[in-house]
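Provided herewith is a single structure, encoded as structure tokens, for subsequent inquiry.
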Amino acid sequence: MELIEKKENKLSFTAKISENLANALRRYINQILILAVNDVEISKNDSPLYDETIAHRIGLIPLKTEKGVDKKTTAKLKLSSKKEGEVYSKELQGSIKVAYDKIPITLLNKGQELELTANVRAGKGEEHSKFSPGLMFYRNLVRIKLDKKCSQKIIEICPKKIFKLKDGKLIIEDEFKCDMCNACVDFCKKEGGNIDIIPKEELLITIESFGQMDVGDIFKESIGVLKKDLTEVAKKLGK
């Protein structure tokens with residue numbers, strides 16, 4: 001495995017694993033238990049939005065999910081605002097923290113109020129998207145072969161900008177960026193040249209987090225849940 005890129009909510013790395021296993025891990029991301037608002041009790045709402053709209057918006061606000069969460073984990077968040085202006089997610093107060101403070105909920109004019117209680121529970125992404133911790137996607141890495149007839153014009157044709165000139169010679173840079181769009185292949189054929197894009201066994205895997213969990217933890221949890229289910233299947237087959 002080789003780390004390609006790591007940001008706050010994004011992780012990219014290469015791995016020599018089968019597409020079947022990668023797809024299983026991708027699907028099992030939605031088997032991870034995540035905290036989200038299940039229902040909202042609104043006691044006062046003078047804002048221009050209907051109660052149902054506010055409840056829907058609050059339900060989709062990502063909540064920080066720590067390790068140790070199980071099916072029985074619950075919590076309450078309260079919001080009470082009387083100030084004029086935007087009401088943001090950071091005003092939801094309780095034992096659970098929101099992932100992002102600046103998600104707008106509604107707008108209050110002078111003299112208006114919003115008061116509510118949000119009930120939090122654990123769930124899985126297969127049940128509702130609000131319980132999904134993020135996304136995983138992957139593609140094959142490739143090996144690119146150029147012949148001498150390839151025009152230097154492909155430097156501009158390639159949308160990923162993986163070709164460049166070095167000492168007057170066309171070379172390949174950042175080969176892992178190639179997503180097999182074939183723009184260079186089609187162009188070179190018209191120019192009388194040839195480019196071969198050959199898929200490798202390695203995959204480039206990218207995980208993006210919605211903010212509830214660290215991207216690395218999402219991948220580890222997905223492996224853990226898959227392993228647990230496979231163990232259960234093995235036990236049942238052994239009886």
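The values are calculated or read from the model by the stated rules, or taken from the named source; none is laboratory data. Predicted, not measured: the structure shown is a model, and the values here were computed from it. Positions of Cβ are backbone-derived with ideal geometry, glycine not excepted, and every protein chain shown enters the neighbour counts.
Could you tell me whether any residue of the stretch 63-80 is surrounded by 17 or more Cβ atoms within 10 Å (Cβ to Cβ), out of contact with any Cys (no Cβ under 7 Å at 6 or more places or on another chain) and among the small types (G, A, S)?
no
Report whether or not S129 is closer than 21 Å to L11 by Cα and either exposed (fewer than 14 other Cβ atoms within 10 Å of the Cβ) or hydroxyl-bearing (S, T, Y) (or both).
Yes, satisfied.
Restricting the search to the stretch 180-204, which residues are surrounded by 12 or more Cβ atoms within 10 Å (Cβ to Cβ), under 26 Å from L21 (Cβ atoms) and of a type in the set (D, E)?
Once the filter is applied, which keeps residues that are surrounded by 12 or more Cβ atoms within 10 Å (Cβ to Cβ), under 26 Å from L21 (Cβ atoms) and of a type in the set (D, E), the stretch 180-204 yields only E202.
Between V142, V120, V185, which is more than 29 Å from the chain's Cα centre (by Cα) and outside any loop (DSSP other than H, G, I, E, B)?
Values: V142 fails: more than 29 Å from the chain's Cα centre (by Cα); V120 fails: more than 29 Å from the chain's Cα centre (by Cα).
The match here is V185.
Residue-by-condition table, conditions (1) at pLDDT 95 or above; (2) assigned to a loop (DSSP other than H, G, I, E, B); (3) at positive phi:
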residue: L3; (1), (2), (3): no, no, no
residue: A36; (1), (2), (3): yes, no, no
residue: K44; (1), (2), (3): yes, no, no
residue: E52; (1), (2), (3): yes, no, no
residue: G68; (1), (2), (3): no, yes, yes
residue: K71; (1), (2), (3): no, yes, no
residue: K83; (1), (2), (3): no, yes, no
residue: K90; (1), (2), (3): yes, no, no
residue: T106; (1), (2), (3): yes, no, no
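Just checking, does the stretch 125-133 include any residue being without any contact (Cβ under 8 Å) to a residue 24 or more places away in the chain, at positive phi, assigned to a loop (DSSP other than H, G, I, E, B) and not aliphatic (A, V, I, L, M)?
Within the stretch 125-133, none of the residues are without any contact (Cβ under 8 Å) to a residue 24 or more places away in the chain, at positive phi, assigned to a loop (DSSP other than H, G, I, E, B) and not aliphatic (A, V, I, L, M).
Could you check, for the stretch 158-167, whether at least one of its residues is touching a residue at least 40 places away in the same chain (Cβ under 8 Å) and not small (G, A, S)?
no
Follow-up. So, of the residues in the stretch 17-57 that are closer than 30 Å to I105 by Cα and small (G, A, S), which turns out to be surrounded by the fewest Cβ atoms within 10 Å (Cβ to Cβ)?
S43
Can you report the number of residues in the stretch 136-154 which are free of Cβ contacts under 8 Å to residues at least 40 places away in the same chain and buried (at least 16 other Cβ atoms within 10 Å of the Cβ)?
0
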